[in-house]
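These notes concern the structure reproduced below.
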Amino acid sequence: MERRRVVITGAAGMLGSAVVDLAPPQYEAIGVDLPDGDISVQSEAMGAIVPHGPVAVIHCAAYTDVDGCTRDPETAHRVNAGGTRNVALACAECDCHLIALSTDYVFDGEKGAAYDEDDAPNPINPYGESKLAGERYALEAHDRVLIARTQWLYGPKGKNFPHTIVTKGRKLGSLNVVADEYGSPTYTRDLASRLWELVERRLTGILHCVNTGTCTWAEFARCVLEAAGAGHVTVQDISRTEWESPTRRPEYSVMVTRREAELGLTPMRKWDDAAREYAKQYLSDD
Ligand SMILES: NC(=O)c1ccc[n+]([C@@H]2O[C@H](COP(=O)([O-])OP(=O)(O)OC[C@H]3O[C@@H](n4cnc5c(N)ncnc54)[C@H](OP(=O)(O)O)[C@@H]3O)[C@@H](O)[C@H]2O)c1
């Protein structure tokens, strides 16, 4: 059987590495990342994608340092908006499907309820602005595009919240964690499986892809500490206003999905089941 090729941008990153790892047997995953192809340079984005003749691209590459984007919005725009446009143009050139990852930070968090795919975005920081511009550029540049929005990612590769919490918690014994900001923690391996399903289905438009359910950072911290065997670490609730950051963040940017059921997709599992599995497997002392 000849395997169909799928290019994964940002393949060395937290999500991209899980996507490459979980490629189904009928697909050949071709991972691309810096320093070999800078997506913000159009010729390099073309060169990283077109010669492979892929049936799809899963675009995970991004400038994801939220505070870095606040300090340097030009780079955020160049990579997250311009880079996504370049990837979409390359997909148009080889007429392949594009799944472009995006974020809950396209929303302002002021709705007071969870956001679904029909809600109007209104980003309140440069990272969110650059990602929303990337969504719009991609949808303009090509007609076979799915925007897959996700949030609060964690997984085996890269720096992430549960890893930091468990490592610091073991060292310090007590941590202050924000207890008035809400989201849906999403496991990269669950999301990667969903993305491969979406490659198979060739869906277009916008889809929210998150583990089910909602929590605060403090609840997320307690869950992973317990599962990692570090339940003795004390978590002190603090307010988001006490957390120093140059970036304004949405307070309640929980995402839900209306389209998932319409499309007959199985809901992704509950956030705490996924978080416990991850913490036991990757953060436990045993
Ligand atoms: N992490 C989250 O909580 C979260 C939440 C919502 C949405 N998302 C979205 O999900 C996607 C994956 O996120 P992630 O957490 O896996 O990110 P990540 O770990 O930071 O990985 C992104 C990858 O893209 C690469 N990259 C950066 N600039 C590039 C450029 N100009 N050209 C080519 N590659 C470049 C990075 O390389 P370097 O490391 O060398 O810079 C890195 O390997 C992104 O679209 C992100 O916006 C993430």
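Applying the selection to segment 60-89, what residues are in a loop (DSSP other than H, G, I, E, B) and surrounded by fewer than 24 Cβ atoms within 10 Å (Cβ to Cβ)?
Within segment 60-89, 63, 64, 65, 72 qualify.
Quick test for you: out of 60, 69, pick the one residue that is within 11 Å of the ligand (Cβ to nearest atom), at negative phi and touching a strand residue (DSSP E or B) at 6+ places or on another chain (Cβ under 7 Å).
Answer to the selection: 60.
If I go through segment 13-31 residue by residue, how many of them are within 15 Å of the ligand (Cβ to nearest atom) and in contact (Cβ under 8 Å) with a residue 40 or more places away in the chain?
9
Looking only at segment 232-286, count how many residues are touching a strand residue (DSSP E or B) at 6+ places or on another chain (Cβ under 9 Å) and of a type in the set (Gly, Ala, Ser).
Within segment 232-286, residues that are touching a strand residue (DSSP E or B) at 6+ places or on another chain (Cβ under 9 Å) and of a type in the set (Gly, Ala, Ser) number 4.
Among the residues of segment 15-29, which ones are surrounded by fewer than 16 Cβ atoms within 10 Å (Cβ to Cβ) and closer than 14 Å to residue 57 by Cα?
Across segment 15-29, the qualifying residue is only 28.
Hey, residue 5 hits all of (1) in contact (Cβ under 8 Å) with a residue 12 or more places away in the chain; (2) more than 11 Å from the ligand (Cβ to nearest atom); (3) out of contact with any helix residue (DSSP H, G or I) (no Cβ under 8 Å at 6 or more places or on another chain) but one; which does it fall short on?
If we test residue 5 against (1) in contact (Cβ under 8 Å) with a residue 12 or more places away in the chain; (2) more than 11 Å from the ligand (Cβ to nearest atom); (3) out of contact with any helix residue (DSSP H, G or I) (no Cβ under 8 Å at 6 or more places or on another chain), just (3) comes out false.
What do you reckon, is residue 138 assigned to a helix (DSSP H, G or I), within 25 Å of residue 67 (Cα to Cα), of a type in the set (A, V, I, L, M) and more than 15 Å from the chain's Cα centre (by Cα)? Give the derivation first.
Details: assigned to a helix (DSSP H, G or I): yes; within 25 Å of residue 67 (Cα to Cα): yes; of a type in the set (A, V, I, L, M): yes; more than 15 Å from the chain's Cα centre (by Cα): yes.
So residue 138 fits the description; yes.
Yes or no, residue by residue, for (1) modelled with pLDDT of 95 or more; (2) farther than 17 Å from residue 220 by Cβ; (3) out of contact with any Phe, Trp or Tyr (no Cβ under 6 Å at 6 or more places or on another chain); (4) not in a loop (DSSP other than H, G, I, E, B):
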residue: 244; (1), (2), (3), (4): no, yes, yes, no
residue: 249; (1), (2), (3), (4): no, no, yes, no
residue: 257; (1), (2), (3), (4): yes, yes, yes, no
residue: 266; (1), (2), (3), (4): yes, yes, yes, no
residue: 273; (1), (2), (3), (4): yes, no, yes, yes
residue: 277; (1), (2), (3), (4): yes, no, yes, yes
residue: 280; (1), (2), (3), (4): yes, no, yes, yes
residue: 285; (1), (2), (3), (4): no, yes, yes, no
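Working only within segment 90-110, note down all residues that are within 16 Å of the ligand (Cβ to nearest atom) and part of a strand (DSSP E or B).
As a first pass, look at segment 90-110 and keep what is within 16 Å of the ligand (Cβ to nearest atom): 90-91, 98-109.
Within segment 90-110, 98, 99, 100, 101, 102, 103 meet the criteria.
The values are calculated or read from the model by the stated rules, or taken from the named source; none is laboratory data. No experiment lies behind these values; they were computed from the predicted model shown. In this analysis, Cβ positions are derived from the backbone assuming ideal geometry, glycine residues included, and neighbour counts consider all displayed protein chains.
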